[in-house]
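Worksheet: the structure to be examined is printed underneath.
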Amino acid sequence: MPLDPDTFEALIETVRRFVAERLRPLEAQVGEDDEVPEEIVREMRDMGLFGLSIPEEYGGLGLTMSEEVRVALEFGRTSPAFRSVFGTNVGIGSQGLVMAGSDEQKRQWLPRIASGEVITSFALTEPGAGSDSASVQTKAARDGNVYRLSGTKRFITNADRASLFTVMARTGGAGARGVSAFLVPADLPGVSIGRPERKMGQQGAHVCDVTFDDAPLPAENRLGDEGEGFKIAMRVLDRGRLHIAAVCVGIAERLIADMVAYATERRQFGKPLADFQLVQAMIADSKTDTMAGRALVLETAATMDGGRPITLDAAAAKYFASESVGRVADRAVQVFGGAGYVADYGIERLYRDVRLFRIYEGTSQIQQLVIAREAIRNGG
């Protein structure tokens, strides 16, 4: 059920102030240190941000998808690293458990996920399996009452902070039907975490390898039945893609605001940049891209809340919003000129940050395939 409208608007206003007053002043520091300050993480816990999508019965806020994307839009107005702190708890790290977990699994983990005591992570990608996610090679071999996990996962968000992983591993033959899902505690013997990768952007949001060396996992930690892992992963990614699309729209809106402010203040040839029609064209294209992305995100969220499938819609939202924020960021650098290329104004940092959105949780090319497949299946 949606929150009371007044309560929800109060939440949005609190988040908006938090982003403007606490997070934006720290963007450069986080970019340099590659770390979100612990006091900010504590404040996020106190605000309930780790439990946005966790049902109220387990201590979360239980937001609808329409409400969740509104929060994501607000967090788009600052460095993506801040949202990433709680992003896996809200999305791909927890939703497999919410969707397919047993009552006992939910009671054991969801209250601590909602509070932020437990950080979750989603382990699907491997050295040889990224876009081709049905070809995972990490194995879970049944041995009495345990599964023995062996393999390596790559580029796993929040892996170095996680207490719990949702792991996709092969329990059967080749293809999607041979993949099962498991809840794997980070302290399980045989689990090791690599060092955070050095990245082009999104400093402060860490990704690492996770290796399983014959790790003995109790059979009751399996999510759903054997062979259901790929189906669970795809349902989780539908929701995650929509959330990411909302973040992209929020970042684009922030870039447009910065672009307009600079173009209004900066003078060339005796007048503000904003008076030049070719600058106006870049602002107009950016505004149109972003308005279309926002409309697509909100409509898809309402579709999901109505209980209808969103596989095509979420793919379209993620595809359009991630591509369009890249265009907006590029135009912002152009409007800022030399100032957009140096670090002081932060535009070059956002330019680098947004590049990842076209890659993770399904590349743009994968989104195109999903959109076409679903359109053909549904007769257009």
note = Selection from region 87-109 of residues surrounded by fewer than 24 Cβ atoms within 10 Å (Cβ to Cβ) and either in contact with a strand residue (DSSP E or B) (Cβ under 8 Å, 6 or more places away or on another chain) or under 26 Å from residue 13 (Cα atoms) (or both) yields 100, 101, 105, 109
request  = Examine region 112-121 for a residue that is touching a residue at least 60 places away in the same chain (Cβ under 8 Å), within 15 Å of residue 223 (Cα to Cα), part of a loop (DSSP other than H, G, I, E, B) and touching a Lys or Arg at 6+ places or on another chain (Cβ under 8 Å), and state whether such a residue exists.
outcome  = no
query = Any idea which of 20, 81, 10 is at pLDDT 95 or above, assigned to a helix (DSSP H, G or I) and within 24 Å of residue 120 (Cβ to Cβ)?
reply = 81
key: Criterion violated by residue 310 - all others in (1) crowded, with 19+ Cβ neighbours inside 10 Å; (2) of a type outside the set (Gly, Ala, Ser); (3) out of contact with any Leu (no Cβ under 8 Å at 6 or more places or on another chain) satisfied   = (3)
task = Mind telling me which of the residues 257, 246, 219 ends up being under 30 Å from residue 145 (Cβ atoms) and out of contact with any Ser or Thr (no Cβ under 8 Å at 6 or more places or on another chain)?
result = 219
remark   = Filtering region 65-110 down to residues that are under 15 Å from the mean Cα position of the chain (by Cα) and aromatic (Phe, Trp, Tyr) yields 75, 82, 86
Any chance residue 162 is among the hydrophobic types (A, V, I, L, M, F, W, C), in a loop (DSSP other than H, G, I, E, B), in contact (Cβ under 8 Å) with a residue 40 or more places away in the chain and farther than 27 Å from residue 305 by Cα = yes
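The values are calculated or read from the model by the stated rules, or taken from the named source; none is laboratory data. All values derive from a computational prediction rather than experimental measurement. We place every Cβ from the backbone using ideal geometry, glycine too, and count neighbours over all the protein chains shown.
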